[in-house]
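The values are calculated or read from the model by the stated rules, or taken from the named source; none is laboratory data. Quantities reported herein were computed from a predicted structural model and do not represent experimental measurements. Neighbour counts are summed over all protein chains in view; Cβ atoms, including those assigned to glycine, are modelled from backbone coordinates with ideal geometry. Accessible surface areas use protein heavy atoms only, side chains included; no ligands, DNA or RNA. Shrake-Rupley method; radii C 1.70, N 1.55, O 1.52, S 1.80 Å.
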Amino acid sequence: MKPTAADAAYLHVHPEPEAPDAIVRAMAGGDERALGALYDRYADAVHGVALRVLRDGTLAREVVEEVFWQAWRQASRWSPERGGVSTWLLTIARSRALDRRRALSRRGEESSTPLDALPAEGADASRAVEDADLRRMLQEALDTLPAEQRDALSLAYWEGLTQVEIAERTGQPLGTVKTRMRLALRKLRERLSETGRTS
Amino acid sequence: MTTAGAMSHGEAQEQLEAFALDALDGAERAVVAAHVAGCAACRAEVEAIRDDLGTLAHLAAPVAVPADERATMRSRLVARAAADRSGNVTNRMASPASAGDRVRSIDSAPSRRGGGGWMLRAAAAVLLVVMGGALWRTREERDLARTALLARGERATALERENGRLRGELDGTRRMVEALTGPSVAVVDLASDGRAAARARMFWNQATNRWTLVAHNLPKTAEGRTYELWLLTADGAKIPAGTFSPDAGGRAVVEATYELPAASLKAIAVTEEPAGGVPQPTGPIVLVGAAR
């Protein structure tokens with residue numbers, strides 16, 4: 001659904017749209033205030049993903065800014081068929097964070113600082129419950145996997161390791177790692193489609 | 001698994017999950033990517049897997065961005081977006097019907113639509129706005145790049161300075177090791193005269209005429225006062241060899257160069273004097289030691 005001039009005009013007159021879809025449409029229409037609204041809503045979530053991958057607060061905050069800038073530049077590429085706005089943003093967040101992590105490991109600058117996590121404050125109550133529900137559902141789905149499959153998936157997903165790297169890290173044969181990865185993803189996807197996905 | 005030539009569809013399907021996860025290594029990834037590029041079914045599947053994987057990202061709980069950083073980051077983003085209109089100008093210009101016609105008319109010959117002069121001017125105006133926006137964006141990005149480069153340059157300069165300082169320290173340490181060791185180094189122990197804890201040791205390298213005093217547990221000097229080192233010779237001369245203050249731990253290292261015949265040294269002393277030192281000792285003796 002491409003933004004029309006009418007949409008943009010409407011959003012200019014009626015500021016601060018609530019629905020994420022509308023926020024991104026407004027961004028695609030060039031409304032910089034919509035970027036602010038997107039940031040208000042998702043900065044902490046993006047930060048959480050970046051921290052999970054990078055384990056370094058300073059780096060994570062740099063990635064947060066990169067992610068929202070990319071979202072601004074690519075707002076017109078998003079559409080509802082592509083899944084929810086949060087999924088879109090968090091996917092960008094994971095990609096940018098992994099890129100940064102790989103760049104650091106190439107330069108031999110792996111961070112080993114412990115997570116300086118702060119609890120998220122200020123998220124409105126309804127959304128916090130929604131997020132927690134989704135997280136719980138995902139965690140339950142993950143918990144149905146055998147530990148080795150879950151670990152292989154986690155190493156690939158959160159640390160960006162390849163199958164060869166996972167085999168080296170865990171001391172398992174490459175063939176075993178490949179099988180585990182395949183099974184893990186298939187089972188997870190089945191489970192997710194059963195329980196239904198929210199965005 | 002084929003190594004040469006294209007991968008079969010069946011083989012590729014086995015690898016699609018890992019491919020979507022970016023968990024394939026170099027050569028394997030290239031082979032699968034080549035198949036996916038030419039296979040609509042696999043492409044669709046990869047996209048579906050990536051959508052599912054995207055959901056997993058929600059597993060990471062939100063973590064608050066610190067409040068002050070959050071505010072400045074937000075304003076930076078919004079300001080940058082406001083300046084970055086040209087990225088969206090063509091979208092906005094294209095959607096309203098009339099502007100779209102004008103943009104299209106840049107390509108088509110004005111005479112086809114009639115009223116050529118007016119169309120040409122309008123087209124030129126649109127082009128100028130679009131180009132101006134593009135230039136503005138370029139300049140803004142250039143400024144940002146310049147700021148980043150300056151910051152990097154400053155850091156490089158600071159690192160150079162630190163490197164220079166460390167080299168200086170290393171040279172100093174090397175000199176000290178030379179001064180303290182070797183066959184021609186004589187050692188004089190100094191002890192406190194009443195201030196029980198204070199003590200010192202003088203290393204006299206007679207080959208280089210370099211004197212190094214290392215003192216411990218020296219009390220901090222009072223305001224306007226300092227310690228002064230003296231070389232006392234056999235014929236009664238008291239040679240000033242420098243002033244110093246201990247660090248927070250009561251430690252001091254003093255270095256001086258003075259040529260003295262080996263047999264001439266009778267004793268070494270440290271006194272407390274007015275800041276800046278005096279040509280001959282006036283204050284109380286803090287440390288003293290006799291040369292053998």
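Couple of notes before you dig in:
- Cβ separations smaller than 7 Å between residues 6+ apart or across chains give the following pairs from the range A:175-186 residues that are more than 10 Å from chain B (Cβ to nearest Cβ) to residues that are charged (D, E, K, R): A:180/A:148.
- Flag if residue B:66 is free of Cβ contacts under 8 Å to residues at least 12 places away in the same chain, out of contact with any helix residue (DSSP H, G or I) (no Cβ under 6 Å at 6 or more places or on another chain) and facing chain A (nearest Cβ under 8 Å): yes
Table: residues versus (1) of a type outside the set (S, T, N, Q); (2) within 44 Å of the chain's Cα centre (by Cα); (3) under 13 Å from residue B:213 (Cα atoms).
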site	(1), (2), (3)
B:235	yes, no, no
B:240	yes, yes, no
B:249	yes, yes, no
B:254	yes, yes, yes
B:264	no, no, no
B:270	yes, yes, yes
B:274	yes, yes, no
B:283	yes, no, no
B:288	yes, no, yes
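- Scanning the range B:157-176 for residues that are open to solvent by 80 Å² or more (accessible area, probe 1.4 Å), at pLDDT 75 or above and under 18 Å from residue B:209 (Cβ atoms) yields a single hit, B:174.
For (1) more than 7 Å from every other protein chain (Cβ to nearest Cβ); (2) open to solvent by less than 70 Å² (accessible area, probe 1.4 Å); (3) under 20 Å from residue B:79 (Cβ atoms); (4) modelled with pLDDT of 90 or more, each residue gets a yes or a no:
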| residue | (1), (2), (3), (4) |
| --- | --- |
| A:19 | yes, yes, no, no |
| A:26 | yes, yes, yes, yes |
| A:50 | yes, yes, no, yes |
| A:57 | yes, yes, no, yes |
| A:61 | no, yes, yes, yes |
| A:92 | yes, yes, no, yes |
| A:98 | yes, yes, no, yes |
| A:101 | yes, yes, no, yes |
| A:105 | yes, yes, no, no |
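- Of all the criteria given as (1) more than 17 Å from residue B:62 (Cα to Cα); (2) free of Cβ contacts under 8 Å to residues at least 12 places away in the same chain; (3) in contact with a Leu (Cβ under 7 Å, 6 or more places away or on another chain), the one not satisfied by residue A:26 is (2).
Table: residues versus (1) over 41 Å from the mean Cα position of the chain (by Cα); (2) without any contact (Cβ under 8 Å) to a residue 60 or more places away in the chain; (3) crowded, with 20+ Cβ neighbours inside 10 Å.
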residue	(1), (2), (3)
B:29	no, yes, no
B:35	yes, yes, yes
B:38	yes, yes, no
B:49	no, yes, no
B:56	no, yes, yes
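- The range A:144-171 - residue that is crowded, with 17+ Cβ neighbours inside 10 Å and not in a helix (DSSP H, G or I) and, of those, nearest to the other protein chains (Cβ to nearest Cβ): A:162
- Residues of the range B:1-27 classified as more than 19 Å from residue A:188 (Cα to Cα) and more than 8 Å from every other protein chain (Cβ to nearest Cβ), total: 14
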